Amino acid sequence: MASLIHCPHCGVRPSQEFSIRGDASVVRPAPEASDEAWHEYVHIRSNPHGRHREHWQHVAGCRRGLVVERDTFTHDVFSVTDGAAVAREGGR
Amino acid sequence: MTKTYISRHPLEGRIPLEPGIRAVDHLEVPRRQAIVTVMAADGEDTAVAAVLATMSEPSLRCVGPGEWLVVSQSETPEGLQRSLALVLAETAYVLDQSDGRIVLRLSGPNVRRILAKGVAIDLHPSVFGLGAASNLLCGHVNVNLARTGENEFELIVMRSLAESLFDDLRLMGREFDLSADFSG
């Protein structure tokens, strides 16, 4: 477990203040997309060894959703960005 | 049938009626306090922050981006909410929290050492200076911690968790003979 997360709003905080909300790389399909596409989006997850992008929520702090890029093997944290900023960049 | 509701402070059973000897490190519990949440509407963050910065008496507690707690000793909860709603109008959502939150004020030369037992952030004045405030965990309890003086901190906690946090703080302060009493 990566024990210290640098929240862009609150500064360096212990990971106990956060809640992990899962893979941030999956993209929600269109409402009319096929059942297979929805099944893939809702249920199927990879379990990567290494660099991974995840949604983290700072529940005990600013309560914002964040996108944390970290290594699942070494626990290094590469970047932490506000979820809203990431969504805007992606045009969502 | 009419029912009379009596407002009761959640720490009334915890703090003895007779005030004991006040130690140098003291935990003060204000009986009444107006606490209001202000949440900026989408895209209005800077405009709301600018308006709040111009207000004189009530103190401002940062919660997250575009969200604040406004605390006032002198104003009534209704009055504070009304005046904020009037000033901020359409740019923010204003909600009274006075009945749901409790303020605990820690002061004394050893407060930083007391708080360090439960709080995981750096409380040195160069990092967490006067007027700084943030939501964080104290033990397992969510609190809003603010520095209100060189050796003074205020914790705002949910009413239902106030007793638990109070007990924790008493335990954290036992080494320094922390005293506790109501004020106001």
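The values are calculated or read from the model by the stated rules, or taken from the named source; none is laboratory data. Owing to the predicted nature of the structure, the values given are computational and were not obtained by experimental measurement. Here Cβ is always computed from backbone atoms with ideal geometry, including for glycine, and neighbour counts include all displayed protein chains. Ligands, DNA and RNA are stripped out before the accessible areas are found, and what is left, the full protein with its side chains, is counted by its heavy atoms. Shrake-Rupley method; radii C 1.70, N 1.55, O 1.52, S 1.80 Å.
Only one of the listed residues (B:Leu178, B:Leu161, B:Leu155, B:Leu171) is under 28 Å from B:Ala49 (Cβ atoms) and among the aliphatic types (A, V, I, L, M). That residue is B:Leu155.
Just checking, does region A:3-18 include any residue being open to solvent by 40 Å² or more (accessible area, probe 1.4 Å), touching a Phe, Trp or Tyr at 6+ places or on another chain (Cβ under 6 Å) and more than 11 Å from chain B (Cβ to nearest Cβ)?
no
Kindly evaluate B:Val111 against the criterion of being more than 14 Å from chain A (Cβ to nearest Cβ) and more than 26 Å from B:Arg170 (Cβ to Cβ). Taking the combined requirement at face value, the residue does not satisfy it. Of all residues in region A:72-92, those that are assigned to a loop (DSSP other than H, G, I, E, B) have Cβ atoms under 7 Å from Cβ atoms of residues that are of a type in the set (Gly, Ala, Ser), 6 or more apart or on another chain, in A:Thr72/A:Gly50; A:Phe73/A:Gly50; A:His75/A:Ala2. In the set (1) farther than 25 Å from A:Gly83 by Cα; (2) within 14 Å of chain A (Cβ to nearest Cβ), B:Gly43 fails one condition alone, (1).
The single condition from (1) away from chain B (no Cβ under 14 Å); (2) closer than 14 Å to A:Gly22 by Cα; (3) surrounded by 15 or more Cβ atoms within 10 Å (Cβ to Cβ) that A:Val86 fails is (2).
For every residue, the table says whether it meets (1) of a type outside the set (Ser, Thr, Tyr); (2) open to solvent by 60 Å² or more (accessible area, probe 1.4 Å).
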site: B:Tyr5; (1), (2): no, yes
site: B:Ile21; (1), (2): yes, yes
site: B:Leu27; (1), (2): yes, no
site: B:Pro30; (1), (2): yes, no
site: B:Ala41; (1), (2): yes, no
site: B:Thr46; (1), (2): no, yes
site: B:Val51; (1), (2): yes, no
site: B:Pro58; (1), (2): yes, no
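Please pick out the residue among B:His9, B:His26 that is touching a residue at least 40 places away in the same chain (Cβ under 8 Å) and closer than 17 Å to B:Ser160 by Cα.
Answer to the selection: B:His9.
With respect to (1) surrounded by fewer than 18 Cβ atoms within 10 Å (Cβ to Cβ); (2) over 22 Å from A:Arg63 (Cα atoms), the lone exception for B:Leu95 is condition (2).
Hey, any hits in region A:45-58 for a residue that's open to solvent by less than 90 Å² (accessible area, probe 1.4 Å), modelled with pLDDT of 90 or more and within 14 Å of another protein chain (Cβ to nearest Cβ)? The answer is yes; a qualifying residue exists. Within region B:136-167, the set of residues being open to solvent by less than 20 Å² (accessible area, probe 1.4 Å), within 13 Å of another protein chain (Cβ to nearest Cβ) and in contact with a helix residue (DSSP H, G or I) (Cβ under 9 Å, 6 or more places away or on another chain) comprises B:Leu136, B:Cys138, B:Val141, B:Val143, B:Leu145, B:Val157.
Of the residues examined, A:Asp71 is not one that is open to solvent by less than 80 Å² (accessible area, probe 1.4 Å), more than 14 Å from chain B (Cβ to nearest Cβ) and within 30 Å of B:Met39 (Cβ to Cβ). Residues in region A:2-40 that are without any contact (Cβ under 8 Å) to a residue 24 or more places away in the chain and within 24 Å of B:Val141 (Cβ to Cβ): A:Gly11, A:Val12, A:Pro14, A:Ser15.
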